[in-house]
Amino acid sequence: MRKISCAVLAIWACGAQAETRDVFLESSDGARLRIATLDLARNGTYRAEMDPAPFADHFLSMRPFKCLEGPDRHWSHVPYPYEIKRDISSDLTDLEYDFLFLWKGSGEYGINMWNGIYYKLEPQGQGFRGALHETDMDLLSAPPAAGDLRPLEAKDLHPGDPDSHWLPRLIIE
């Protein structure tokens, strides 16, 4: 578990009641796509709100998804379906769970749950930077055991090759 330092949280709070930051996905060439805003309270709790503008509605594998349409791949947002605290006062896992995606080829009809995208976040400057990791989202198909709010483990996340993905970075600033 990666801990977030009090100093990083203090940078975010800066004496204000809440701090609002933008959330971007970034391509290999540095182009950014704003996908959400993040409101962070002084105590480390937060609220993430997805921006509907860049997303298109898709009906994939018999359920609705909000997807970012790329030239070769689509990135479909997967809202985490189970309880999380939305608190980054001790680590960034809850925030990582709010930005789960699946990718699919732009010409494909359905989705494959093993094409999961997990952005592992680290503090950077006054914000956070997430590196793309691949995971099998089938691990989230059944509810976690009681009290286990974080079913994905380090062994389930595999660093992705940034050159082989459309949006290899998540940036919060």
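Some observations on this one:
- Taking (1) part of a strand (DSSP E or B); (2) surrounded by fewer than 19 Cβ atoms within 10 Å (Cβ to Cβ) in turn, I117 satisfies each apart from (2).
- Applying the criterion of being touching a residue at least 24 places away in the same chain (Cβ under 8 Å) and charged (D, E, K, R) to the residues of region 121-151, the residue that is farthest from V78 (Cα to Cα) is E122.
- The combined condition, being among the aromatic types (F, W, Y), closer than 26 Å to A18 by Cα, at pLDDT 95 or above and part of a loop (DSSP other than H, G, I, E, B), is fulfilled by F99.
- If the condition is being polar (S, T, N, Q) and touching a residue at least 40 places away in the same chain (Cβ under 8 Å), then region 80-120 contributes S89, S90, T93.
Here's the yes/no breakdown for (1) buried (at least 19 other Cβ atoms within 10 Å of the Cβ); (2) modelled with pLDDT under 95; (3) in contact with a strand residue (DSSP E or B) (Cβ under 8 Å, 6 or more places away or on another chain); (4) within 18 Å of E83 (Cβ to Cβ):
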| position | (1), (2), (3), (4) |
| --- | --- |
| E122 | no, no, yes, no |
| G125 | no, yes, no, no |
| G130 | yes, no, yes, no |
| D136 | no, yes, yes, no |
| P144 | no, yes, no, yes |
| D148 | no, yes, no, yes |
| I172 | yes, no, yes, no |
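- Qualifying position, being small (G, A, S) and on the phi > 0 side of the Ramachandran plot, among G130, G110, G125: G125
- Residue satisfying all of: in region 79-105; farther than 28 Å from R42 by Cβ and surrounded by fewer than 20 Cβ atoms within 10 Å (Cβ to Cβ); nearest to the chain's Cα centre (by Cα) among these: P81
The values are calculated or read from the model by the stated rules, or taken from the named source; none is laboratory data. What you are looking at is a predicted structure, and each value in this text was computed from that prediction instead of being measured. Note: ideal-geometry Cβ built from the backbone for every residue, glycine included; neighbour counts use all protein chains shown.
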